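In what follows, a structure is listed as structure tokens, so that the remarks can point back to it.
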Amino acid sequence: MFPMVTGFMNYGQQTVRAARYIGQGFMITLSHTNRLPVTIQYPYEKLITSERFRGRIHFEFDKCIACEVCVRVCPIDLPVVDWRLKTDIKKKQLLNYSIDFGVCIFCGNCVEYCPTNCLSMTEEYELSAYDRHELNYNQIALGRLPMSVIGDYTIQAIGNSTEIKIDKDKSFDSKSITNYEI
Ligand code: SF4
Ligand code: SF4
């Protein structure tokens, strides 16, 4: 008789414990119903990069003085500065400028130290190509203005709460930004 009572009590305790665990699981599930998904449906949705994001480098040919500081501060001596000396005015004349993004580590040293600010980091990160030689950008490719995620009406831009606070007052026309307030 006594072992049977103990068995029933154990069974009851286990049932209560199992019910508690199931309840805890449901509570966790319910807590997620109030949250927004964090998955980005790329390429139909794209994240708005942070302000200090280091993407493809933009170059302004007319501002470059061919000083080669960018080459000296680059950890891999990457920028190629092709110039000739104009003896009549004793000045360097820039002929060609290129950066190979297949090798660049996007450290930003060249941008930081350029004395004329002709280099800048952009928010562009879609640099994939079938041939890695296509990643060697000359001054024309480097001079192209970056495509802003907000300016692209074919996709939905996803920003974090900080960026949304900044951009709230702006009109986005047909664009909508999902508010990810965490
Ligand atoms: S540091 Fe700036 S100005 Fe000097 S060569 Fe490089 S890009 Fe041109
Ligand atoms: S970002 Fe860094 S690695 Fe790339 S070119 Fe500039 S200094 Fe060199």
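The values are calculated or read from the model by the stated rules, or taken from the named source; none is laboratory data. Predicted model only: the values in this text are computed from it and were never measured. In this analysis, Cβ positions are derived from the backbone assuming ideal geometry, glycine residues included, and neighbour counts consider all displayed protein chains.
Results, tabulated for the structure shown:
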read-out: Given (1) part of a helix (DSSP H, G or I); (2) farther than 16 Å from Val103 by Cβ; (3) of a type in the set (A, V, I, L, M, F, W, C), number of the condition Cys70 does not satisfy; value: (2)
read-out: Filter result for Ile89 (among the β-branched types (Val, Ile, Thr) and assigned to a helix (DSSP H, G or I)); value: no
read-out: Region 105-125: number of residues that are touching a strand residue (DSSP E or B) at 6+ places or on another chain (Cβ under 9 Å) and over 16 Å from Glu68 (Cα atoms); value: 4
read-out: Condition broken by Ala141, with the remaining ones in (1) in the same structural domain as Gly159 (by TED's automatic domain parsing); (2) of a type in the set (Gly, Ala, Ser); (3) assigned to a helix (DSSP H, G or I) satisfied; value: (1)
read-out: Residue that is nearest to Gln139 (Cα to Cα) [pool: residues in region 54-63 that are surrounded by fewer than 17 Cβ atoms within 10 Å (Cβ to Cβ) and out of contact with any Phe, Trp or Tyr (no Cβ under 8 Å at 6 or more places or on another chain)]; value: Glu60
read-out: Pairs, first in contact (Cβ under 8 Å) with a residue 24 or more places away in the chain and more than 16 Å from Asn136 (Cα to Cα) in region 64-83, second assigned to a loop (DSSP other than H, G, I, E, B) and of a type in the set (S, T, N, Q), C-beta under 7 Å, six or more apart; value: Cys64/Thr116; Ile65/Thr116
read-out: Residues that are among the aliphatic types (A, V, I, L, M) and away from ligand 2 (no atom under 13 Å from the Cβ), drawn from region 116-139; value: Ala129
read-out: Selected residue (only one of Thr87, Thr116, Thr122 is closer than 26 Å to Ala157 by Cα, of a type in the set (S, T, N, Q) and not assigned by TED's automatic domain parsing to the domain that holds Gly159); value: Thr122
